[in-house]
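Just so it is clear, none of the values below were taken in a lab; they were calculated from the coordinates. A quick note: this is a predicted structure, and the numbers were derived from the prediction, not measured. Glycine gets a Cβ as well: all are built from the backbone with ideal geometry, and neighbour counts include every protein chain shown.
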Amino acid sequence: MDLAKQNGAQHVATKSSGLDGVVVADTALSEVDGERGRLIVGGHDIEALAGRVGFEDLCALLWTGALPDAATRSAIAEALAEGRLLAFEQIPSLGEALVAEDGSSALMACMAHLGARAAWRSEGKPAWVELARVTGAVATFAAAWARRRAGGAPIAPDKSLRHAADFLRMVRGAAAPEAAARALDAYLVTVADHGMNASTFTARVVASTGSDLVSAIVAAIGALKGPLHGGAPGPVLDMLDAIGEPSRAAAWITAELGAGRRIMGMGHRIYRVRDPRAAVLERAIAELERDGSAGAGARLALARATERAAETLLAERHRDRPLKANVEFYTAVLLDAAGLPRELFTPTFAVGRAAGWCAHVQEQRRAGRLIRPASRYVGPVPA
Ligand code: COA
């Protein structure tokens, strides 16, 4: 007896479906075309945004529906900085939260402490002020965790800096080179939103229950940290380190596949062609290389050779399922070249994606309907 159907379920998931192709929301935020390799964010192709507009502009696009004029840009920059500052003021009362072994767990604990403070004194202000403060706070907590881990003290935000540059400064302990800040800015724009990915869906589910924004973001960070979602770039860098030089890529990948392991940074649930964000990040790394960033060029060459080998070897094994580079592949190279430690890669993903999560929470609140799907009961039924 199919009890789910009896209860009026439209679509019955099977064990293997992973909700592929199930539409769970109407959104004006972003669209992923997996067949053509196209990502549209707020009506713009990602190639027209990354490296061309800053993270503040992308936030405006997601939160207000349009790229900003100068006044809105500086108001958003100010609200992001307020969020960084709110989080910094919170650090002395965080207890053990910043000591967690993994950065995403620390981020979840710290963000949970933020509670309703982001909404503080936002009455009469645009709705995006709360979104900006929460997004800003993620950067401070992530940077503070990295500093603690490296044996240093957290560094106070500088509200005169753009979000990407200040995040990098708070991590590195000194002003970041302009080229590195630009590359990180391009990265944050690239990853800010990406359709109904697992962490965004998580944020929307929490928002749909009427819960608060911070709870939605904490839950989303939990979903992001998994290796099948945002946890891949650290392992990608480990892989490149293990391969060492381009000529060894094919043999190394053959051995990994032979041992039944997945190649991190390859494959995607939606894309059947190369993830367009990989190309955008590759371009940003090449610019970093032109600016003379130590190591960026050699790593980029190694990454390209590894991608070619992985693509060829995966195509031999999966003739009907194209498995190409995803965003995480070049994320690893870019964040490393920008001077971020690999343990901070996933929290850095959250720094950018927080903008999208917040926008989806806002959109979900407007939709105003509890997300409550069905399951198919396969257990015993009492006689
Ligand atoms: N390396 C080796 N094999 C891979 C692979 C990878 N990176 N990605 C998928 N495959 C194989 C699977 O083993 C499976 O093989 P099978 O049919 O013989 O069992 C087949 O391709 C289909 O994989 P499936 O798990 O159904 O795909 P999915 O849509 O659920 O997975 C990912 C998408 C992203 C989870 C998957 O490609 C992956 O694990 N990639 C590595 C992690 C990563 O880069 N994550 C970041 C995503 S942005």
Note to self: Go through (1) farther than 22 Å from Ala337 by Cβ; (2) away from the ligand (no atom under 12 Å from the Cβ) for Leu240 and report which single condition fails.
What the structure shows: (1)
Margin query: Quick check on the range 264-308: of everything there that is without any contact (Cβ under 8 Å) to a residue 60 or more places away in the chain and among the hydrophobic types (A, V, I, L, M, F, W, C), which residue is farthest from His229 (Cα to Cα)?
Written below: Ala294
Next item on the list: Give the residue that is farthest from Thr135 (Cα to Cα), with candidates limited to residues of the range 351-379 that are surrounded by fewer than 22 Cβ atoms within 10 Å (Cβ to Cβ) and β-branched (Val, Ile, Thr).
Entry: Val378
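Yes/no per residue for (1) outside any helix (DSSP H, G or I); (2) surrounded by 24 or more Cβ atoms within 10 Å (Cβ to Cβ):
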position	(1), (2)
Gly115	no, no
Leu131	no, yes
Gly136	no, yes
Phe141	no, yes
Trp145	no, yes
Arg148	no, no
Asp185	no, yes
Gly195	yes, no
Margin query: Filter the range 243-281 down to the residues that are β-branched (Val, Ile, Thr) and within 13 Å of the ligand (Cβ to nearest atom) and list them by number.
Written below: Ile253, Thr254, Ile263, Ile270
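If a residue must be of a type in the set (Phe, Trp, Tyr) and away from the ligand (no atom under 11 Å from the Cβ), how many such residues does the range 319-349 contain?
From the range 319-349, those of a type in the set (Phe, Trp, Tyr) are 329-330, 345, 349; that's our starting set.
Checking which are away from the ligand (no atom under 11 Å from the Cβ) leaves us with 330, 345.
Count: 2.
Is it true that some residue in the range 300-308 is within 13 Å of the ligand (Cβ to nearest atom) and among the polar types (S, T, N, Q)? Spell out how you get there, then give the answer.
Our first condition is that a residue be within 13 Å of the ligand (Cβ to nearest atom); within the range 300-308, this holds for 306-307.
From what is left, the residues that are among the polar types (S, T, N, Q) are 306.
Looking for residues that are within 13 Å of the ligand (Cβ to nearest atom) and among the polar types (S, T, N, Q), one finds at least one in the range 300-308, hence yes.
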Checklist line | Yes/no for Asp166 being within 30 Å of Arg365 (Cα to Cα), within 19 Å of the chain's Cα centre (by Cα) and of a type in the set (D, E, K, R) | finding: no
Notebook entry, point to check: Among (1) within 30 Å of His113 (Cβ to Cβ); (2) more than 11 Å from the ligand (Cβ to nearest atom); (3) surrounded by 15 or more Cβ atoms within 10 Å (Cβ to Cβ), which single condition is His229 missing?
Noted result: (2)
Notebook entry, point to check: Only one of (1) out of contact with any Asp or Glu (no Cβ under 9 Å at 6 or more places or on another chain); (2) aliphatic (A, V, I, L, M); (3) surrounded by fewer than 22 Cβ atoms within 10 Å (Cβ to Cβ) fails for Ala179. Which number is that?
Noted result: (1)
